[in-house]
Amino acid sequence: MFFDHDMLDAIAKGLLLSAIGLFWIILLVRIVGLRSFSKMTNFDFVMTVAMGSLLAGASQSNAWVELFQTMAAMASLFAVQYTVAQIRQRSDRFDELVQNTPVLLMKDGVILHDMLRRTRVSEEDLIAKLREANALDLSQVRAVVLETTGNVTVLHGEHVDERLFTGLEDPTQSKR
């Protein structure tokens, strides 16, 4: 592509194509907005993983056509994500279709074993997340939530505002 010597060509391609791919992603983020990599939803998470994979593919392109195809795929994913975000804002029904519901795994110091089984989270994994969050006393844990992105949020302390439970799948309550 650049040099007759295979090693020099490989190094030059890796450096140049990676830089082009990275700057292309930065340009797309500037156009679409920072939310692109926010990982606020499962859709955003998939977008982040896909973009990393496409960047790796771009850096290994053997021809300019391959690079441009990868860059077109990146732009397409940004466009799809932007469109989905816009539709989600306007339609609760569409939002429910594409978005998972966060799930309560623990509430007021009580581990919700049925929810652990349903979400395939082991008690050991839950305890590890509690340690990561510096929870020192299970009775002080107000809630543990498996978020739509797969992240685990631990709320601990004296009191939790009820608004933080909005939209959660909570088996301890009748319909919220």
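The values are calculated or read from the model by the stated rules, or taken from the named source; none is laboratory data. Computed from a prediction, not measured in an experiment: that's the story for all the values here. Ideal geometry is used to build each Cβ from the backbone, glycine not excepted, and the neighbour counts take in all protein chains shown.
What the table below lists for this structure:
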item	result
Residues (without any contact (Cβ under 8 Å) to a residue 40 or more places away in the chain, farther than 18 Å from residue 62 by Cα and of a type in the set (A, V, I, L, M)) located in region 1-28	26, 27
Residue match in region 99-108 (condition: of a type in the set (Ser, Thr, Tyr) and more than 19 Å from the chain's Cα centre (by Cα))	no
Of residues in region 1-31 being within 20 Å of the chain's Cα centre (by Cα) and crowded, with 16+ Cβ neighbours inside 10 Å, the one farthest from residue 54 (Cα to Cα)	28
Output for region 89-103, where each listed residue is surrounded by fewer than 19 Cβ atoms within 10 Å (Cβ to Cβ) and touching a residue at least 24 places away in the same chain (Cβ under 8 Å)	98, 99, 100, 101
Of residues in region 105-125 being in contact with a Leu (Cβ under 9 Å, 6 or more places away or on another chain) and surrounded by 19 or more Cβ atoms within 10 Å (Cβ to Cβ), the one farthest from residue 44 (Cα to Cα)	112
Candidates 69, 173, filtered to the one that is among the polar types (S, T, N, Q), over 23 Å from the mean Cα position of the chain (by Cα) and modelled with pLDDT of 90 or more	69
Whichever residue in region 57-74 is of a type in the set (Gly, Ala, Ser) and not in a helix (DSSP H, G or I) and, among such residues, is surrounded by the fewest Cβ atoms within 10 Å (Cβ to Cβ)	63
Any hit, region 153-172, residues being of a type in the set (Val, Ile, Thr), over 30 Å from residue 49 (Cβ atoms) and either in a loop (DSSP other than H, G, I, E, B) or outside the structural domain of residue 43 (by TED's automatic domain parsing) (or both)	yes
Among (1) closer than 24 Å to residue 160 by Cβ; (2) part of a helix (DSSP H, G or I); (3) in contact (Cβ under 8 Å) with a residue 60 or more places away in the chain, the one test that residue 40 misses	(2)
Boolean, residue 77 is in a helix (DSSP H, G or I), in contact (Cβ under 8 Å) with a residue 12 or more places away in the chain and within 26 Å of residue 49 (Cα to Cα)	yes
Test: residue 133 is without any contact (Cβ under 8 Å) to a residue 40 or more places away in the chain, more than 15 Å from residue 148 (Cα to Cα) and touching a strand residue (DSSP E or B) at 6+ places or on another chain (Cβ under 6 Å)	yes
Conditions (1) over 26 Å from residue 95 (Cβ atoms); (2) at pLDDT 80 or above; number of the one not met by residue 161	(1)
